[in-house]
Amino acid sequence: MRYMIRPGVVSLRICDTDLLVSSRVSLEDVPKVRIIDRHTAALLVLMEKGSTYEEALKLFFRFIHKPEDVIRGRFDNSINKLMNEGFLISMEDSEQ
């Protein structure tokens, strides 16, 4: 699955805090600001550079020393939450 940050939403890092910030364009659909953890921010960077969700997860499996099901569950929850809040969109949905 491929995801992208919704147009009108910007990913920022301010004072070691990762944020998703919506512009005026997306304010009707998305909350103004969302703090995200550093792992989710890194995952979003990988996906913005063209990696699929699965490809990005495989990199995390190699570098985060926790069981794969724990990592996958955590990222699945983060991605689903950001999708439900409108910060992310599925590339498959946007192509239809």
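The values are calculated or read from the model by the stated rules, or taken from the named source; none is laboratory data. All values reported here derive from a predicted model rather than from experimental measurement. Note: ideal-geometry Cβ built from the backbone for every residue, glycine included; neighbour counts use all protein chains shown.
Brief remarks follow.
- In the range 58-95, the residues that are over 12 Å from the mean Cα position of the chain (by Cα) and aliphatic (A, V, I, L, M): Leu59, Ile64, Val70, Ile71, Met91
- Options Asp29, Asp37, Asp16, Asp69: the member that is at pLDDT 90 or above and not hydrophobic (A, V, I, L, M, F, W, C): Asp69
- Cβ pairs under 6 Å, 6+ apart, first in the range 1-28 and among the acidic types (Asp, Glu), second modelled with pLDDT of 85 or more and not in a strand (DSSP E or B): Asp18/Arg38; Asp18/Ala41
- Residue in the range 60-75 that is assigned to a helix (DSSP H, G or I), charged (D, E, K, R), in contact with a Ser or Thr (Cβ under 9 Å, 6 or more places away or on another chain) and farther than 19 Å from Ser11 by Cα present: yes
- Summed over the range 39-96, the residues that are touching a helix residue (DSSP H, G or I) at 6+ places or on another chain (Cβ under 6 Å) and among the hydroxyl-bearing types (Ser, Thr, Tyr) give a count of 2.
- Within the range 79-96, residues that are within 24 Å of His39 (Cα to Cα) and assigned to a loop (DSSP other than H, G, I, E, B) have Cβ atoms under 8 Å from residues that are aliphatic (A, V, I, L, M) and at pLDDT below 90 in these pairs: Gly86/Val30; Phe87/Ile5; Phe87/Val9; Phe87/Leu20; Phe87/Val30, counting only partners at least 6 apart in sequence or on another chain.
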